[in-house]
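Engineer: After the C-alpha cells below, expect a handful of questions from me.
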Amino acid sequence: MSIMGGIGMMSAGLIGGPGLGYAKDRFTAEHLTATAPAIYEQYKAPVPSKFLFLAETTGLDGTKLSAAQTATPRTPDQQLVADASIVGDRETLKADAFIPAVMAVIYLLLLFYFKAIGGYKPLQIDAKH
C-alpha cells in the first residue's frame, strides 16, 4: 500500500468512526422523536453529539438506553427506546454502505487520472550520481 493509500485509510477511520456515531445518534433520535417525543425527552443524552464542526444532534443517554435494552420484561417505554435504537442501527448501516461506493469512485478517478497522464512511470535512481 502506498503512503497516500495508508493516509487515506487512516483518515477514513478517524473521520468515519465519529461520523457513524453521529449518524446512529441522529437516526435514533429522529425516530424516537417522531414516534414518542415525550419518551425521547426522558431518554435524551445530557450532551449533544457532534460531527466535526458540521453537525450536532442529541442522541440517547447510553446508560438509559442500555438499561432499556437489557430490561426483562420491558415496559412499553423501554420497548419504544429499544426499537428506536434498532432503527438507528439499520439507518446507520444504510449510510455506511455509501462509504465503499465513494471510495471506489475516488479510486476509479485516480485510475483515469494516471491513464490520462500516461500511466505510472517508475523513477530510476543510479548509484553513480
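Engineer: Say the dipole of region 54-114 comes from +1 at the beta carbon of Lys and Arg and -1 at that of Asp and Glu; which of Gln79, Ala95, Ala55 then lies farthest toward its positive end?
Structural biologist: The one lying farthest along the dipole's positive direction is Ala95.
Engineer: Additional query: Subtracting the Cα-Cα distance from 0.36 nm times the residue separation, let me have the gained length for Val47 to Phe98 in nm, one decimal.
Structural biologist: On the way: separation 51, 0.36 × 51 = 18.36 nm, distance 2.80 nm.
Length gained between Val47 and Phe98: 15.6 nm.
Engineer: While we're on this one: What is the distance in Å between the Cα centres of region 92-126 and region 53-89?
Structural biologist: Using only Cα atoms to place each centre, the spacing works out to 39 Å.
Engineer: Counting Lys and Arg as +1 and Asp and Glu as -1, each charge on the Cβ, what is the dipole of region 24-129 about the Cα centre in debye, to the nearest 20?
Structural biologist: On the way: 11 positive and 11 negative charges, 108 e Å.
Its charge dipole is roughly 520 debye.
Engineer: For a quick protection proxy, order the peptides 94-105, 21-32 by their average other-Cβ count within 10 Å, most packed first.
Structural biologist: Values: 94-105: 11.0, 21-32: 21.4.
Going from most to least packed, we get 21-32, 94-105.
No lab work stands behind these numbers, since they all come straight from the coordinates. Just so we're clear, the structure is a prediction, and the values are computed from it rather than from any experiment. Glycine also receives a Cβ, built like all others from the backbone with ideal geometry; neighbour counts cover every protein chain displayed.
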